[in-house]
Ligand code: SF4
């Protein structure tokens, strides 16, 4: 059982109430100027982006195999079994590797603070634990953002695509991408807007690193044995030379 | 001591040094008083700048001489490298200390730098990097300790460090192997972001080999500078052989780079008129030219030419690390990053501190072998011999 979120681009009316609700939940200031910024920043952790005639949302995708959590040296970021990827600011050292590694460029930093934190959507973790929808889903008047179990949401998305194929680009974003995400998207057009980079592989990104990291024990063993071996050989040579010299002198 | 000759030069450098320290101090105040946003041009889309790309990437790389020469002397038993062992270890030690010091500027919460000690994530390359920095700095401290003990005349401690020297050196080789390569592994997780001239699954391997190259180049570089500053003789025949090793290593490295590009089908990218192409060409040129030169005996025999080659390799190495961490990341991140002057000031300040510390250490500690007949080829002046 894992909680997920479905955003339907063909239903969104661009009222930005989700932004307001999100800012309220995080205790962030929200006004017209901030509403007009169509990008994620320390001022807002979700953004409604105008994409032609329709709207799309930017927020943490809560990957099933999140790059951010895999690269964090201190496990400040974590994929919870429930679905959301959470952030524990008391562990964070501020290396910002998570920000570099996020394929969607979602985590943002408090650049102007003396003791900055990483900021990102956590799918309203405390609400999800109680089975309640996130603040943004709860407030959405158009039903464009909904929360639920991931399997059920995928089934629901499939149903919508089948019922009105003319309204949608026939793809559910987040079922396969990067090994799956807990935030799913359907929309009238292909989703190249996510702010991430096109050409994301289907396999989970952490695999790329783990392939090398898992070699460490072998590397250590091989280097240790070969260095030890070389040392023994080279110094053995010296010993032999020494012995021979002594022999010669003895004669 | 040639003091009369040295004075005017040093004065100029002292002025530059003082100005630089002033700028660095100002930048430090801004950085810690106003946050990273005030002191840097970093942004959400470009969170790593030259403090990572230069201070960490290059700082660690330029310290690579430490493990290569230590292995040469203690493991491979190539005795003739002994005279350059201590200066190289000193450079590496200072290099690592400065990397840690530099991290204090870059980390958002520097006072939590110890967190990876107790909060583990073995899936993170950064976690591996953190441990390697800590452990290898300790190893370097142990490798450098005899120099200090000798000065203090602590015979007991000296005997003790000698007893453990071989395992310590082996540990150093292991840690360096892991660390140099892991800096490349850091970039493995964004295949879609790093420009394909640089992204390759072999990044860790290339980082390792190029670090060894630059380790040898640094050895030549240092010997040249210390011979000028302290009037110490350049261990010329020795450096000639270092030049030889360097030539072969560079050949191996460059061949592998191109085979890899070819294998990944990235060679056609070289025809595109893009910034990436030019900077790639610069990086390769700075490695290829000294390689070709070093294969010529006449170049290796001239201290000046040898030094020029070493400088080129060092710049080529720096260009490579900056290409991977800055140039190659710009297109994929969708932003153009130019460091703020304060970022540059801190970086230059760190380098200046490094040079100053090296000088002080070399002056007060037995870093360079004294002019005694213990030197190989005693009698003849190696400089004169090489000059011919
Ligand atoms: S910035 Fe913080 S959360 Fe992000 S990877 Fe570094 S330590 Fe982890």
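The values are calculated or read from the model by the stated rules, or taken from the named source; none is laboratory data. If you're wondering where the values come from, they're calculated on a predicted model, not measured in any experiment. Quick reminder, even Gly has a Cβ in these numbers, built from the backbone with ideal geometry, and neighbours come from all protein chains shown.
In table form, for the structure just shown:
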| quantity | calculated |
| --- | --- |
| Helices (runs of 4 or more DSSP H) contained entirely in segment B:242-334, each with at least 1 residues that are more than 30 Å from residue B:42 (Cβ to Cβ) and out of contact with any helix residue (DSSP H, G or I) (no Cβ under 7 Å at 6 or more places or on another chain) | B:275-294, B:297-301, B:303-322 |
| Counted residues, segment A:70-82 - those being under 12 Å from the mean Cα position of the chain (by Cα) and either more than 8 Å from the ligand (Cβ to nearest atom) or more than 22 Å from residue A:131 (Cα to Cα) (or both) | 5 |
| Residue match in segment A:136-149 (condition: part of a loop (DSSP other than H, G, I, E, B), buried (at least 23 other Cβ atoms within 10 Å of the Cβ) and within 13 Å of the ligand (Cβ to nearest atom)) | no |
| Residues located in segment A:92-103, provided they are at the interface with chain B (Cβ under 7 Å from one of its Cβ atoms) and near the ligand (Cβ under 7 Å from one of its atoms) | A:92, A:93, A:94, A:95, A:96, A:97, A:99 |
| Residue ID - surrounded by the most Cβ atoms within 10 Å (Cβ to Cβ), chosen from residues in segment B:57-88 that are in a helix (DSSP H, G or I) and at the interface with chain A (Cβ under 10 Å from one of its Cβ atoms) | B:74 |
| Filter result for residue B:182 (within 30 Å of residue B:300 (Cα to Cα), within 10 Å of another protein chain (Cβ to nearest Cβ) and assigned to a helix (DSSP H, G or I)) | no |
| Options A:106, A:74: the member that is within 12 Å of another protein chain (Cβ to nearest Cβ), assigned to a loop (DSSP other than H, G, I, E, B) and either at pLDDT below 95 or within 22 Å of residue A:186 (Cβ to Cβ) (or both) | A:106 |
| Among residues of segment B:301-332, those that are buried (at least 24 other Cβ atoms within 10 Å of the Cβ) and farther than 30 Å from residue B:195 by Cα, counted | 1 |
| So residue B:118, is it surrounded by 15 or more Cβ atoms within 10 Å (Cβ to Cβ) and either more than 12 Å from every other protein chain (Cβ to nearest Cβ) or modelled with pLDDT of 90 or more (or both) | no |
| Residue match in segment B:191-203 (condition: more than 8 Å from every other protein chain (Cβ to nearest Cβ), under 21 Å from residue A:225 (Cα atoms) and crowded, with 22+ Cβ neighbours inside 10 Å) | no |
| Qualifying position, being in contact (Cβ under 8 Å) with a residue 12 or more places away in the chain, buried (at least 22 other Cβ atoms within 10 Å of the Cβ) and under 22 Å from residue B:88 (Cβ atoms), among B:207, B:149, B:144 | B:207 |
| Scan of segment A:109-130 for residues that are in contact (Cβ under 8 Å) with a residue 12 or more places away in the chain, away from the ligand (no atom under 15 Å from the Cβ), more than 7 Å from chain B (Cβ to nearest Cβ) and assigned to a loop (DSSP other than H, G, I, E, B), ordered by number | A:123, A:124 |
